[in-house]
Amino acid sequence: MASVINFEPKYITFDCYGTLTDFSNMTKLTREIYGDRLHGDELERFISLFSGYRYDECLGPYKPYRDVLVNAVRRTCATTGFPFSEEEAEKFYHAVPTWGPHPDVPEGLRRLATKYKLVILSNASDDHIMQNVEKLGAPFHAVFTAQQTQSYKPRMQGFEYMFDKLGCTPQDCLHVSASFKHDILTVDAMGMNHKVFVNRKGTADPSRPDYNCYEVRDIGDLATKLGL
């Protein structure tokens, strides 16, 4: 693993949910909503299936983020035989903009912003994202959402939209994510040479050395590896 990043990007682009915003709150909220009726292995299976269905909902034609979450709950309930409540499912959507960053994020981003233009590409809705971004504690050059791009990651369309709006190529950017399946596999397939995997132990995807990423433990570590 490289101790420094010998690359000067035009932009540092970020995934938001999970990488910057603490998205483990999704699992915590699942436990809060269903933990009085599901227990042990049943609850863990529900959590796992809900995660899988959220990912699957992002792979097809664009739909509002509210529908991604509600449909994922509906499909999880159908698979497990648990009664579905649309009111309960919508609690996830309404909770997302209230979630703040991982503890390391504000200071790390502020250090990066002293030198670099920071950009977000998020699987988010327009009415959510700025509430999350405001909690990150640093200025961003641009913020793009799935609603704007009409596409969710891991599809390439959102990245293409971002590069077009920024007037750059994948080779001009350093992309930062805690998710291989949502971000890093896609930008690698698009020819991006400089990728950063944020290895948030216990919440991130497993490390994949075969994808030739820089690996950092948090955003402060990223700033250090860039000489800040």
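The values are calculated or read from the model by the stated rules, or taken from the named source; none is laboratory data. The structure presented is a predicted model; accordingly, all values stated were derived computationally and were not measured. Because the Cβ atoms are built from the backbone with ideal geometry, glycine has one as well, and the counts that use them run over all protein chains shown. Surface accessibility is based on the protein's heavy atoms, side chains included, excluding ligands, DNA and RNA. Shrake-Rupley method; radii C 1.70, N 1.55, O 1.52, S 1.80 Å.
Structural remarks
- Some residue of the range 54-66 being aliphatic (A, V, I, L, M) and not in a helix (DSSP H, G or I): yes
- Residue count, the range 36-76 (criterion: within 25 Å of the chain's Cα centre (by Cα) and open to solvent by 20 Å² or more (accessible area, probe 1.4 Å)): 22
- For the range 163-184, a residue qualifies if it is closer than 16 Å to TYR17 by Cβ and outside any strand (DSSP E or B), and the qualifying residues are ALA178, SER179, PHE180, LYS181, HIS182, ASP183, ILE184.
- Of the residues making up the range 33-60, those that are closer than 22 Å to ALA124 by Cβ and modelled with pLDDT of 95 or more are ILE33, ILE47, PHE50, SER51, GLY52, TYR53, ARG54, TYR55, ASP56, GLU57, CYS58, LEU59.
- Residue list for the range 171-210, filter: in contact with a Lys or Arg (Cβ under 7 Å, 6 or more places away or on another chain) and not aliphatic (A, V, I, L, M): ASP172, CYS173, HIS175, PHE180, HIS182, ASP183, THR186, ASP188, ASN199, ASP205
- One residue alone among GLU160, GLU90, GLU134 is at negative phi, assigned by the TED database to the domain that holds GLY60 and free of Cβ contacts under 8 Å to residues at least 40 places away in the same chain, and that residue is GLU90.
- Considering the range 189-220, and only residues there that are part of a helix (DSSP H, G or I) and modelled with pLDDT under 95, the residue that is least open to solvent (accessible area, probe 1.4 Å) turns out to be TYR211.
- Filter pass, SER85 being farther than 30 Å from THR224 by Cβ, under 15 Å from the mean Cα position of the chain (by Cα) and among the polar types (S, T, N, Q): no
- Flag for CYS213 being over 15 Å from the mean Cα position of the chain (by Cα) and touching a residue at least 60 places away in the same chain (Cβ under 8 Å): no
- Counted residues, the range 1-30 - those being basic (Lys, Arg) and open to solvent by less than 100 Å² (accessible area, probe 1.4 Å): 0
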